[in-house]
Amino acid sequence: MVAEQNGFEAAPNGQGGGAGQGDGAGQGGDAGQGGEVIIKADNVSFFYGQFQALKNISVDIMADEVTAFIGPSGCGKSTFLKLLNRMHDFVPGTRLAGEIQIRGTSIYGPEADPVDIRRRVGMVFQRPNPFPKSIYDNICYGPRLVGVNRKADLDQVVERALKAAALWDDVKDKLGKSALDLSGGQQQRVCIARALALEPEILLMDEPTSALDPIATSKVEDWIRGAGMSIVIVTHNMQQAARISDRTAFFYMGQLIEFGPTLELFTSPKEERTENYITGRFG
Amino acid sequence: MFLLGYSKEARKRRDQLATGVIVALAGFILLVLASLLIYICVQGISAINWEFLSQFPRESMTKGGILPAIVGTLYLALGSMVISIPLGFGAAIYLSEYAKQGPLVSVIRLGVANLAGVPSVVFGLFGLSLFVTTFGFGRSLLSGCLTLGLLTLPTVTAAAEEALRQTPGSFREAALALGANRFQAIRQVILPAALPGMLTGAILALGRAAGETAPISLTSATAYSPSLPDSPFNEAMALTTHIYNLATNGANIAGTRPQQFGTSLVLMAIVLGLSLAAVILRARLRRSRKW
């Protein structure tokens, strides 16, 4: 069943574009037959010690789209997300089977450099986690690590990243102030800007609005919709997935149950478990 | 209904009683502390004058000042921190960030905790045999600093490790996700965040180092010195051993009571002063950190 997921993708592309995510469809220039696959997972299983958290996940994530992972708590969606930038490397006792590629290059192969992968694949976490530093220094953290040190260059990076995160106008006069003095929503957008400062190819977001109030949530959602980049977002909020994503993957008990264009998955799910979940019968 | 009325009254009484007991206990502790301080002040203040602070002892230490003891104690306390802070912080970083958590680390942690409970005279004997004799440093400031450094190491290590472990894991995650390697994440993000807490341990250790008597009387202290130490290999006077000497085998034990209490007062002032400086430093570091 899992292996068949790929079959959903090619056909309904026209519908995905028509799902109201106008900006996401902007990548149509690529080719008539849908965009490029940016992340390819092939038969991925993942273990914490003896516990198998992910079972044979295969999925193709498309470039320049917003892909949402939904599913009940403990279903493996966050675990899978964190595999995509090797954040599990620091957790002892974990084991991976299968293959994950980004733009055709294995990210767990012997030549893969985890630090380099994390620079290419940015991440925004569940709770806003700015460093206890100024807004400016938060944004510069990543670029400084790769050796950008000239003030003029950093100024430019900061302005570009904050503009990209739609935060520039709010904070341009207080870049030297502690990022922790900002509101929760602004802090989360600082974290987005901090990730964007490295100009990642993909942005992973792990329930980025779960600690935010509704207004801050809608600002972050607006940003995601307009970002025009490859975003993978984990959310426990199905309405959110429906609002912002081009494609949705439903995870349940460590398995990928269904993956397809968001509109299709929510209006005519192929799997009974998907339907039960999105209609609120469990989870 | 009756249950409601009953419990309301009883709860209120119990609450008042508990509050009263707690306030009384806290008051008692404050009273003990205050009377100790006041007693030492009253007894010692008459001895304190500029001469006492700036002169060498004279006439078998019954006259004159305690300058060499003040200088010696400052050297010993600060010198021991030079030893124990790098070692302790290093060990703490290893234990909390690098070591694979398991039985070995638990044993190390237990060992550190137990080391903190070893009587200081045992450290003194250890320092005497290792630094003074085996390494040939003789009775010297260096031997004393090394001994006090080891003595304070467990306190520094345990507090630093605790502070590191309390640093939110999300900082570590954020740094790593931005392409920091482990060392960069520790040095640039985790360490600055944990530093105020780590310094708390160092403050406690500093106070303890300044107040120790047995270890330094075995490794570095001299009863009388006509000059200030000008090399780490010199012996030095110290406030604690000076008090001990005056009070137990001085030339005029009863007659030098004011000097004994005066020296105690100076010692307390130094410990408080050093702690205050460290507390201010910590507060400055902490100012921008709320999470």
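The values are calculated or read from the model by the stated rules, or taken from the named source; none is laboratory data. None of the values given here were measured: they were computed from a predicted structure. Cβ atoms come from the backbone with ideal geometry, glycine included; neighbour counts cover every protein chain shown. All accessible areas refer to the heavy atoms of the entire protein, side chains included, with ligands and DNA or RNA removed. Shrake-Rupley method; radii C 1.70, N 1.55, O 1.52, S 1.80 Å.
Results for (1) within 14 Å of another protein chain (Cβ to nearest Cβ); (2) over 18 Å from the mean Cα position of the chain (by Cα), shown as yes or no for each residue.
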site: A:Ala164; (1), (2): no, no
site: A:Asp169; (1), (2): no, yes
site: A:Lys177; (1), (2): yes, yes
site: A:Leu180; (1), (2): yes, yes
site: A:Gly185; (1), (2): no, no
site: A:Ile192; (1), (2): yes, no
site: A:Leu203; (1), (2): yes, no
site: A:Pro208; (1), (2): yes, no
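Which of (1) without any contact (Cβ under 8 Å) to a residue 40 or more places away in the chain; (2) under 30 Å from B:Ser129 (Cβ atoms) is the odd one out, the single condition B:Leu272 does not satisfy?
Against the list (1) without any contact (Cβ under 8 Å) to a residue 40 or more places away in the chain; (2) under 30 Å from B:Ser129 (Cβ atoms), B:Leu272 comes up short only on (2).
So that you can scan it fast, the table gives a plain yes or no per residue for (1) surrounded by fewer than 18 Cβ atoms within 10 Å (Cβ to Cβ); (2) assigned to a helix (DSSP H, G or I); (3) more than 14 Å from chain A (Cβ to nearest Cβ):
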{"position": "B:Ile253", "(1), (2), (3)": "yes, no, yes"}
{"position": "B:Gln260", "(1), (2), (3)": "no, yes, yes"}
{"position": "B:Gly273", "(1), (2), (3)": "yes, yes, yes"}
{"position": "B:Ala277", "(1), (2), (3)": "yes, yes, yes"}
{"position": "B:Ile280", "(1), (2), (3)": "yes, yes, yes"}
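Does B:Thr133 satisfy the condition of being among the hydroxyl-bearing types (Ser, Thr, Tyr) and either modelled with pLDDT of 95 or more or open to solvent by less than 50 Å² (accessible area, probe 1.4 Å) (or both)?
For B:Thr133, the condition - among the hydroxyl-bearing types (Ser, Thr, Tyr) and either modelled with pLDDT of 95 or more or open to solvent by less than 50 Å² (accessible area, probe 1.4 Å) (or both) - is not met.
Kindly indicate whether any position in the stretch A:130-141 is more than 10 Å from chain B (Cβ to nearest Cβ) and in contact with a Gly (Cβ under 7 Å, 6 or more places away or on another chain).
Scanning the stretch A:130-141, I find at least one residue that is more than 10 Å from chain B (Cβ to nearest Cβ) and in contact with a Gly (Cβ under 7 Å, 6 or more places away or on another chain), so the answer is yes.
Checking B:Ser35 against (1) open to solvent by less than 80 Å² (accessible area, probe 1.4 Å); (2) touching a Gly at 6+ places or on another chain (Cβ under 8 Å); (3) more than 22 Å from B:Thr248 (Cβ to Cβ), which single condition isn't satisfied?
The one condition B:Ser35 does not meet is (2).
Here is a check on your reading of the model: is A:Leu81 over 21 Å from B:Ala185 (Cα atoms) and open to solvent by less than 40 Å² (accessible area, probe 1.4 Å)?
Answer is yes for this residue.
Considering the stretch B:179-191 alone, what residues qualify as being within 11 Å of chain A (Cβ to nearest Cβ), without any contact (Cβ under 8 Å) to a residue 60 or more places away in the chain and open to solvent by 10 Å² or more (accessible area, probe 1.4 Å)?
Passing the criteria: B:Asn181, B:Gln184, B:Gln188.
How many residues are small (Gly, Ala, Ser) and in contact with a Pro (Cβ under 6 Å, 6 or more places away or on another chain) if we restrict to the stretch A:185-207?
Of the residues in the stretch A:185-207, 1 are small (Gly, Ala, Ser) and in contact with a Pro (Cβ under 6 Å, 6 or more places away or on another chain).
Residues in the stretch A:104-116: is at least one at negative phi, facing chain B (nearest Cβ under 9 Å) and in contact with a Ser or Thr (Cβ under 9 Å, 6 or more places away or on another chain)?
No: zero hits.
Within the stretch A:193-215, how many residues turn out to be assigned to a loop (DSSP other than H, G, I, E, B) and open to solvent by 10 Å² or more (accessible area, probe 1.4 Å)?
11
Scan the stretch B:88-98 and tell me whether some residue there is away from every other protein chain (no Cβ under 14 Å), without any contact (Cβ under 8 Å) to a residue 24 or more places away in the chain and open to solvent by 40 Å² or more (accessible area, probe 1.4 Å).
Yes, the stretch B:88-98 has at least one match.
I'm trying to understand the selection: among the residues of the stretch B:161-178, which are within 10 Å of another protein chain (Cβ to nearest Cβ) and touching a residue at least 40 places away in the same chain (Cβ under 8 Å)?
Scanning the stretch B:161-178 gives a single hit, B:Pro168.
Among (1) at negative phi; (2) out of contact with any Pro (no Cβ under 9 Å at 6 or more places or on another chain), there is one condition B:Ala163 misses while meeting the rest; what is its number?
All conditions are met except number (2).
Any chance the stretch B:96-108 includes a residue that's within 14 Å of B:Arg208 (Cα to Cα) and β-branched (Val, Ile, Thr)?
No - not one qualifying residue is present in the stretch B:96-108.
Quick one: what pairs do we get from the stretch A:217-245, first residue among the acidic types (Asp, Glu), second in a helix (DSSP H, G or I), C-beta under 7 Å, 6+ apart or different chains?
The qualifying pairs are A:Glu221/A:Gln240; A:Glu221/A:Arg243; A:Glu221/A:Ile244.
Here is a list of conditions, (1) of a type in the set (D, E, K, R); (2) under 20 Å from B:Ile186 (Cα atoms); (3) open to solvent by 60 Å² or more (accessible area, probe 1.4 Å), and A:Arg118 meets all of them except one; can you say which number that is?
Unmet condition: (3).
Filter the stretch B:241-251 for residues that are of a type in the set (Val, Ile, Thr) and either open to solvent by less than 20 Å² (accessible area, probe 1.4 Å) or not in a helix (DSSP H, G or I) (or both) and give the result.
Hit for the stretch B:241-251 is B:Thr241, nothing else.
Looking only at helices (runs of 4 or more DSSP H) that fall completely inside the stretch A:217-278, which ones have 3 or more residues that are open to solvent by less than 10 Å² (accessible area, probe 1.4 Å)?
A:238-244
Grab the helices (runs of 4 or more DSSP H) fully contained in the stretch B:56-149, keeping just those with 2 or more residues being under 23 Å from B:Ala269 (Cα atoms) and touching a Gly at 6+ places or on another chain (Cβ under 8 Å). Reasoning before the result, please.
On the way: elements: B:67-93, B:103-115, B:120-127.
In the stretch B:56-149, B:67-93 are the helices (runs of 4 or more DSSP H) which contain 2 or more residues that are under 23 Å from B:Ala269 (Cα atoms) and touching a Gly at 6+ places or on another chain (Cβ under 8 Å).
Could you please tell me which pairs satisfy a Cβ distance under 7 Å, a separation of 6+ or placement on different chains, a first residue in the stretch B:71-85 that is in contact (Cβ under 8 Å) with a residue 24 or more places away in the chain, and a second residue that is of a type in the set (Val, Ile, Thr) and open to solvent by less than 20 Å² (accessible area, probe 1.4 Å)?
Within 7 Å, the pairs are B:Leu76/B:Ile216; B:Ser80/B:Thr152; B:Ser84/B:Thr152; B:Ser84/B:Val156; B:Ile85/B:Val156.
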